[in-house]
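A.B. asks: The structure's right below; bear with me while I get my questions together.
The values are calculated or read from the model by the stated rules, or taken from the named source; none is laboratory data. Computed from a predicted model, the values in this text were never measured in an experiment. Reconstructed Cβ throughout: ideal geometry from the backbone, glycine too, with neighbour counts over all protein chains shown.
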Amino acid sequence: MVEQAKRIILVLSGKGGVGKSTVSTQLALTLKEKGYKVGLLDVDLCGPSVPYLLNLEGKNIHQGDEGWIPVYLDKEQKLGVMSIGFLLNSRNDAVVWRGPKKTSMIKQFLEDVCWQDIDYLIIDTPPGTSDEHITIMENLRKFPQCAAMIVTTPQEVAIEDVRKEVTFCRRTGIPILGIFENMCGYVCPTCSECTNIFSSGGGRSLAEIFKIQFLGSVPIDPRIGILAGKGVAAIKELPESRTSKVFNDLVSLLANSTGNEDS
């Protein structure tokens with residue numbers, strides 16, 4: 001049950017392809033490395049990529065006395081994961097459902113998973129502001145420990161879509177923790193120079209326009225890309241990288257914040 005979490009972070013974006021799942025998994029892994037007990041809930045029903053990113057494909061979930069038991073990444077049970085990907089026979093299976101069935105599944109994920117008193121619950125969501133998002137908001141806005149982290153990339157087309165997500169959060173009453181900019185440049189694996197192939201600064205500008213906290217920006221780093229599918233935190237494998245610094249700073253910000261974000 002989501003009320004078992006001390007903090008709930010919704011990872012949102014109005015745009016697909018901005019790297020929400022990568023951001024969600026690296027945030028969860030960073031929190032775990034810092035000693036927190038974390039849950040990661042993947043509610044992207046049509047594109048559940050979290051099991052792959054954490055090297056958990058093929059794992060099974062079980063029903064316990066208090067609800068579904070998450071799949072744990074580690075023996076110490078510091079990071080539990082729930083995803084519809086665990087209910088599919090293979091990664092090639094498609095979820096072809098109408099809205100009501102999606103709504104029912106999401107409610108089950110939010111109400112019937114036994115997280116066992118976790119410090120943080122990270123919820124990876126699909127893009128947009130559709131049925132799935134309305135269901136999530138209706139179930140979570142009653143919890144004061146819930147806030148949204150909005151992910152964007154620097155391009156103007158992404159910024160325009162993410163504007164709608166800010167409006168959506170404010171209309172539905174979900175406080176906004178801040179805006180996080182992904183893919184703000186490309187880090188050369190040979191010389192470590194960062195080139196702004198998509199431009200940069202769009203996320204910071206959007207945060208300034210809406211008077212929302214800017215949470216940092218990370219570039220495309222091929223070394224980080226190699227970690228996909230391994231379930232390893234960037235701060236552990238590549239502690240000197242810019243990505244590691246940004247996620248370290250983000251976790252410090254979460255630890256020091258009161259939970260009273262923009263609404």
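A.B. asks: I need the full set of residues from the stretch 99-118 which are surrounded by 15 or more Cβ atoms within 10 Å (Cβ to Cβ) and among the charged types (D, E, K, R), in order please.
C.D. replies: The one that is surrounded by 15 or more Cβ atoms within 10 Å (Cβ to Cβ) and among the charged types (D, E, K, R): K102.
Residue-wise test of (1) surrounded by fewer than 18 Cβ atoms within 10 Å (Cβ to Cβ); (2) closer than 16 Å to E3 by Cα; (3) within 16 Å of the chain's Cα centre (by Cα); (4) at pLDDT below 85.
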residue: Y120; (1), (2), (3), (4): no, yes, yes, no
residue: I123; (1), (2), (3), (4): no, yes, yes, no
residue: P126; (1), (2), (3), (4): no, no, yes, no
residue: T129; (1), (2), (3), (4): no, no, yes, yes
residue: E138; (1), (2), (3), (4): yes, yes, no, no
residue: C146; (1), (2), (3), (4): no, yes, yes, no
residue: M149; (1), (2), (3), (4): no, no, yes, no
residue: E156; (1), (2), (3), (4): yes, no, no, yes
residue: V162; (1), (2), (3), (4): no, no, yes, no
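A.B. asks: Continuing with this model, one more query. As an exercise: evaluate G231 against (1) of a type outside the set (K, R); (2) assigned to a loop (DSSP other than H, G, I, E, B); (3) at pLDDT 95 or above and give the number of the one condition it does not meet.
C.D. replies: For G231, the failing item is (3).
A.B. asks: Would you check if G203 is outside any loop (DSSP other than H, G, I, E, B) and touching an Asp or Glu at 6+ places or on another chain (Cβ under 6 Å)?
C.D. replies: yes
A.B. asks: Quick check: anything in the stretch 168-178 over 27 Å from Q108 (Cβ atoms) and either of a type in the set (K, R) or at pLDDT below 85 (or both)?
C.D. replies: Yes, there is a match, as at least one residue in the stretch 168-178 is over 27 Å from Q108 (Cβ atoms) and either of a type in the set (K, R) or at pLDDT below 85 (or both).
A.B. asks: Does any residue of the stretch 248-256 turn out to be touching an Asp or Glu at 6+ places or on another chain (Cβ under 8 Å) and within 20 Å of L177 (Cβ to Cβ)? Steps first, please.
C.D. replies: In the first step, residues of the stretch 248-256 are kept if they are touching an Asp or Glu at 6+ places or on another chain (Cβ under 8 Å); the result is none.
No.
A.B. asks: Specify the residue that is surrounded by the most Cβ atoms within 10 Å (Cβ to Cβ); the eligible residues are those in the stretch 50-73 that are at pLDDT 90 or above and out of contact with any Phe, Trp or Tyr (no Cβ under 9 Å at 6 or more places or on another chain).
C.D. replies: The residue in question is V50.
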